[in-house]
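This report concerns only the one structure given below.
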Amino acid sequence: MDYNNPFEYASAFKLGADKIVDFYVPDYNYSRFIRSRRNIFLVGERGCGKSMTLLYNSVPIQQKKVEKESSKLKLDILCVHIPCNTPLMYRREYQLLNDFKASIISEHFLVLKIMFDIADSLSKIPNLTKGIDESELRKELGFLLPIKLPSRKPVLDGLAICCQKAINDAEKVINAKGPNVFYENALSFSSGVLSLLICLREIPKLADSHFALMLDDAQVLNKHQIKVLNSWIAYRDNSLFSFKIATTKVDRPPLHTASGGEIFEGHDFTSIDMEQPYQNRLSDFGKLARDIIRLRLKKTGISILKTPEEFFPVNPQFEKDMKKCEDSVRKEARKKFINGTQKQITDYVYKYARAKYFRDRSKRANLPPYSGFETLVHLSTGVIRNLLEPPYWMYDKIISEKRSKGEENPMIDEIPNSVQTEIILDRSEKKWAFINKGLDETIEKCSREQAKQLENLFENLAILFKTRLLKHKSEPRAISFTISETRFEHYPKLEKLLILAQKAMLLNTYTSSAKDLGKRETYYVPNRILWPIRGLDPVGQHARVSIKAVHLWAAASENKKIPFSKSENTEERGLFNDEQ
Amino acid sequence: MMNSNLFITVASWEDRFLLGFKRIIKKSNLTDVQMYYFEEYAERTVEHREAVKELCKKKNIHNTNYQISFKNSAESWKTIYNNITGLTKVANVTVDITTMPREIIWTILSQIDTNYVKVSYVYHKPERYDEEWLTRDPAKPRLVYKLAGMTKLGVPTCLLILTGYDVDRVQQLINFFEPSTTLLGVQKGKQLNNLKCNIEKSKKYEKEPGIVLFNVDAYCTDHGFAEIEKHIEPYINTTNLVMSSLGPKLSAIALYRLNRKYPDTALAYAPSREFNPEYSHGIGGTYINSL
Amino acid sequence: MVWNTREIEDITKQMLIEERGGAGGDEKFGLYTTARKHLIEEILPEIKRILPEHTDHGIPHIENVLDNARKLLGDDVKNLDGTNLYCLILSILFHDVGNIFGRRKHQHNVEEIYKFVRPGIMWKPDENKIISEVAAAHCGEATDGTKNTLKEIPESGHMDGQPVKLREIAAILRFADELAEGPQRTSRFMQKQHKYRASNKIFHEYAQATNICIDRGNERIVATYSILFEIGRNGKLTKKNEKSILNLLAFIYKRIIKLNQERQYARHYCNLLSPFKKTSVAFNFYADRKLLNLDLDEVELTDLVVPEDTQKQFTEYNSEYELNNIIKKIGKSLLKHRGR
């Protein structure tokens, strides 16, 4: 990746400390909970910013940040990043043992990993053990592990080395040929992590510290580790430590504890859905998106003065045509609501102006010239990685073109609308290619049949939304849906399909209050990057199409068109009805 | 001419399974045949299994069949372990890797690999593979029992994949392990549609950041060992190296040898839930070698 | 009204069949479903008409209590035979029917409803006695003026020649009923429209704020309270809302102590409830639907008794919950939020 491409969308692990410090934009919906004593589950599919959030708050990155700012690291809450997506967590030898032994060895590995990350993180804080007798601390820590800490290394570095050695010692034993080999000196959370944290509190600077243990990609933990982790969450005394656990939505770990109980949301932990619906620029995601792009442009020296809207200008002809449509629809509205309120007219324009643009386009016309910052935000469907990916390729294209013309240090102060359109359509096409060539080749647990069903489902959703855009009387631009009449024989199969679609990042789900009795209902938003190549409006409308489960299933399994009626089946929403 | 006592194989519906067995049984002095078969394909393989049984009976070869399962890999591992550790009088073992899933290849070789047993392996090429598809419905990749190496904490993962015809499974492995670097070993040559199905398709990874492509030949004498070793060497001590083979079966031998040489590395298997009944047709050349 | 069969009903039917054989078990369970049919069609829906200001005592409440009983028993449900389970679920059906005659002493007004449901030869004296006694103990006062109603129930009774663990069943019912609290018992619309009498308002607010979970595996009752309020235009807590929050918190604190006492009380009289060793309490504060981070630890009320300790107030378990401190914390959190 070109260092100077401001829109790098790689996983946070690949960004490096400097870029994480430079690029991170806190989302105040949840960032306040990371540095708190609550147990938190951060839930969202790939690309929504979980790892970035955890890494930013981790001790090494915060240390880097304060060094840049020439200030000092606050030690009240120390966030330790514990990535779980490592080969250690993928070891499966526990499956050869009985449940009890499997649980012990699984916990042992998890505990040592956590201890290593604690030691490794704290070793990045300069002068932490300055002024104390390290040999005493070394002695005390040495009681924790069956190994002597090296005296020539700083105590925390030595501890990290010992944790490494302890893991390898256990691995040596379990790598032996027999199925029942078992490592006898296993550590548990309380004999390992808890004891370590209590020891660390002996360091004067850490006497009042709270340790936030941030497990990243916790969905990869095995069933024993998950139960043990849940047990720690249920029984924790949160003055000393708390957990921040990042997992995917679809494979979110169950909430059972080792004793057969459960942990409860709102009580033992708070859940934060990192995928945010985007209604408009005033919504939380809208503000976040703007902040992210603005910061990226600023930090890479591209433009301090330009706003994201100026950097991604809208196609002028499109703006002109859209204005014409708005004016025309406004005239219509004034005729229709002669004694109406301003709100009625505004709402009417909101509903029909954009639809008129799409309806009035000639069938032989090219696809609309998708462009503009607002469009990019809508296309992201509330996922940060999706926000950055098209601009990455837009920027890359322009740089490549300029370099091929001989410019050595090309400067870019905006992305021409034509390039925006080209890349948006290209990404859109690629997304459909991903669906059409066979999701069973890349998505785990997706059979050939299901891959075909998903292809049918999305094709038919595209047809439905297109038909509505061109013909629906009241909510033409609705591009999300709810499912009704779910007491239907094949609903479990349909549910599985929807889960696979989420895994494939083709579908996002949100919950909001249903109109009756404050119940929460799930609504589904297909990835909006799908729509440009089909000539649909990715901006959408704040309304949802209610589709019967039986029709969705017929669309998927038999490739039947989803029934369309010009005037029914939609539920209008207030602009801010959606909740986290 | 090959001297062998025990012959280990995994039953398959492919032509080359039975044709290959007939080739082996003609030329060798087998005393025992240990045949494994997958529960999920029991029906598809029953005809060939019966045929092997008959052939063994005619030649007075002791034949035992063991059922294993894709779904229950732990029980399958234990079955293999119990059968192999019980072998005290065997001097020569030949493992037919032709229709053996890589995970089973590695498991059997690692169990049997001792000083007192001479191990050989056999591989029969097909005449041709199916053009449409070979496997689908990928299951979660997994590390092989007892061959998951030794972990280094605090370092990134490096993933080595020897690509095959299902090139899109590369992405599945990358998504799963999230390596900082991926080394893609692409099989050389135009044999058996390799150019269209493997080389051409792998090209899309050329421009992807963090991915290094190189050529490898599983059909050469060392099955690509030296070439692969050259490419993984910079990463052995600085990353957690995970190795997987999606290419020709013989590449699994190379990876096994690498794992033995560098025991800190891990072997990973990428299972599929569905195998094409028309996976391959006919039989081509046969490779026989000592481990 | 369509009744959704509860898991404990299925288990009871199964156990009755095991105990009495297919025909006998089906017949006995049929008596239960007959009674249930009468109650859900003619009695339970009418309670709302009689007590419009009260939280729900109708069908949803009965369903809730049945489900709670199931969760309370866990795997130990096997330790109650079919007859005992039958008595338990029948008692649950009937325990609040007396409300149709008014709230006061409703627990003693079950018999008449029972006779209505079992007219003529259907009336069973042993069943009548069991239900009346068990219902009578689920709330109110004992004859000695204390709340120790369970002590007045005989330890055991009998039905169809089978022994019935009366007191244990009564303890399970009482505790399951205590735990049947939550938003399902009230109406947000009615609260918003101020349709409830002032004296009842706090009960509805309490129901709205409460979420109770029964966690046998972790040996606890989990109580989570969600306090929702709106902030003023200046981003601060209004005086009116502050008062509202304080009133609600004060009420909740008292109810937490009561809940914990009920837990200890029930454990004392019923071994099957002995796993529930603590009550775990947590609070969530929402300002304009956004969760505030007040860094309040959860509170555990256990059975630990320290010699010479008197009955604690809730805030003595954790002084962070002092009412003024809560308001301070809310203020600080809102200030941080405004700063952004």
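Listed by chain and number, the aspartates and glutamates whose alpha-carbon sits under 15 Å from that of C:Lys129, ignoring those within fewer than 8 places in the same chain, are C:Glu111, C:Glu112, C:Glu152, C:Glu155, C:Asp160. Projecting the Cα atoms of A:Tyr510, A:Leu470, A:Tyr491 onto the dipole axis of region A:438-580, where Lys and Arg carry +1 and Asp and Glu carry -1 at the beta carbon, places A:Leu470 farthest toward the positive end. For region A:36-273, the C-alpha radius of gyration divided by 2.2 N^0.38 Å, with N the number of residues, is 1.01. In chain C, the longest principal axis of the Cα atoms and the axis of helix C:125-136 are about 10 degrees apart. Working note: Karplus 6.51/-1.76/1.60 with θ = phi - 60° gives region A:191-201 the couplings 6, x, 5, 4, 4, 4, 5, 5, 4, 5, 5 Hz, where Gly and Pro are set to x.
Shown here: region C:98-250, whose C-alpha atoms stretch 70, 38, 29 Å along the first, second and third principal axes, sorted largest to smallest.
Taken along its three principal axes, the alpha carbon spread of chain B comes to 58, 40, 35 Å, from the longest extent down to the shortest. When restricted to Cα atoms, chain C yields an Rg and a Dmax of 21.8, 74 Å, respectively. Rg over Rh for chain A works out to 1.02, both radii taken from alpha-carbon positions and Rh defined as the Kirkwood radius. If you run the Gaussian network model on chain C, springs between alpha carbon atoms under 10 Å, then out of C:Val306, C:Val164, C:Val65 the most flexible one is C:Val306.
If both residues of a DSSP beta bridge must be in chain B, then about 25% of such bridges are antiparallel. Across region A:174-182, rounded Karplus estimates of 3J(HN,Hα) from the backbone phi angles (6.51 cos²θ - 1.76 cosθ + 1.60, θ = phi - 60°) give 6, 6, 4, 5, x, x, 9, 5, 9 Hz, Gly and Pro being marked x. Each part gets one Cα centre, and for region A:224-298 versus region A:306-369 those centres are 39 Å apart.
Once each of the GluC sites (Glu not before Pro) sitting in a DSSP loop with at most 15 other beta-carbon atoms within 10 Å is removed, chain B keeps B:1-126 as its longest stretch. Stokes-Einstein diffusion for region A:438-580 at 25 °C, viscosity 0.890 mPa s, with a Kirkwood radius from C-alpha pairs, works out to 158 µm²/s. Taking Cα atoms, how many degrees apart are the long axis of helix B:42-58 and the longest axis of chain B, rounded to 10 and kept between 0 and 90? Computed tilt is about 50 degrees.
In a Gaussian network model over chain C where Cα atoms closer than 10 Å are linked, find which of C:Ile153, C:Ile172, C:Ile47 has the largest mean-square fluctuation. Its mean-square fluctuation being the largest, the pick is C:Ile153.
Computed over the alpha-carbon atoms, region A:414-467 gives an Rg to Rh ratio of 1.13, Rh here being the Kirkwood radius from the mean inverse distance. Using Cα-only point scatterers and the Debye equation, what is log10 of I(q)/I(0) for region A:399-494 at each q in 0.11, 0.15, 0.17, 0.21 Å⁻¹, rounded to two decimals? Rounded to two decimals, the profile gives -0.60, -0.87, -0.97, -1.16. Couplings for region B:204-209, taken from phi via the Karplus curve 6.51 cos²θ - 1.76 cosθ + 1.60 with θ = phi - 60°, read 5, 8, 4, 8, 6, x Hz in order; Gly and Pro are left as x. On the principal axes of its alpha-carbon atoms, region A:27-137 has extents of 53, 44, 24 Å, going from largest to smallest. Annotation: lysines with alpha-carbon distance below 16 angstrom to C:Lys78 (same-chain offsets under eight excluded): C:Lys13, C:Lys165. For region A:304-392, trypsin sites (Lys or Arg not before Pro) are listed when DSSP marks them as loop and at most 14 other Cβ atoms sit within 10 Å of their Cβ; the list is A:Lys363, A:Arg364. In units of the rule-of-thumb radius 2.2 N^0.38 Å, the protein assembly as shown shows an alpha carbon radius of gyration of 1.05. Amide H to amide H, with H built 1.01 Å from N, A:Ser271 comes under 5 Å of A:Phe41, A:Gly266, counting only residues 5 or more places away or on other chains. Determine which aspartates and glutamates satisfy two conditions relative to C:Lys239: a Cα distance under 19 Å, and not lying fewer than 8 residues away in the same chain. Answer for C:Lys239, where 19 Å is the Cα cut-off: C:Glu205, C:Glu230, C:Asp288, C:Glu322, listed by chain and number. So what is the diffusion coefficient of region A:281-402 in µm² per second by Stokes-Einstein at 10 °C and 1.306 mPa s, using a Kirkwood Rh over Cα pairs? It comes out at roughly 95 µm²/s.
Equivalent-ellipsoid semi-axes (√(5λ), Cα gyration tensor) for region B:135-275, whole Å, largest first?
On the way: eigenvalues 92, 56, 46 Å².
For region B:135-275, the ellipsoid semi-axes come out as 21, 17, 15 Å.
Take each residue in A:92-100, count the other chain C-beta atoms within 10 Å of its C-beta, and the mean is 4. Taking amide hydrogens as placed 1.01 Å from N in the peptide plane, the amide H of B:Glu274 sits under 5 Å from those of B:Arg136, each at least 5 positions away in sequence or on another chain. With respect to the cross-link table entries A:Lys19/A:Lys452; A:Lys50/C:Lys277; A:Lys50/B:Lys196; A:Lys113/B:Lys207; B:Lys78/B:Lys261, which display a Cα-Cα separation exceeding 29 Å? From A:Lys19/A:Lys452; A:Lys50/C:Lys277; A:Lys50/B:Lys196; A:Lys113/B:Lys207; B:Lys78/B:Lys261, over 29 Å: A:Lys19/A:Lys452; A:Lys50/C:Lys277; A:Lys50/B:Lys196; A:Lys113/B:Lys207. Restriction of the trypsin sites (Lys or Arg not before Pro) in region C:192-299 to DSSP coil positions whose beta-carbon has at most 13 other beta-carbons within 10 angstrom yields C:Lys195, C:Arg197, C:Arg233, C:Arg289. Counting DSSP beta bridges in region A:438-580, what percent are antiparallel, to the nearest 5? The answer is about 70 percent antiparallel. Going through the cross-link list A:Lys402/A:Lys437; A:Lys351/C:Lys290; A:Lys431/A:Lys471, which pairs have a Cα-Cα distance over 32 Å in this structure? Result: A:Lys402/A:Lys437 exceed 32 Å.
None of the figures in this text is laboratory data; all of them are computed from the coordinates on show. Remember, it's a predicted structure, so these values are computed and weren't measured experimentally. Neighbour counts run over all protein chains shown; Cβ positions are idealised from the backbone, glycine included.
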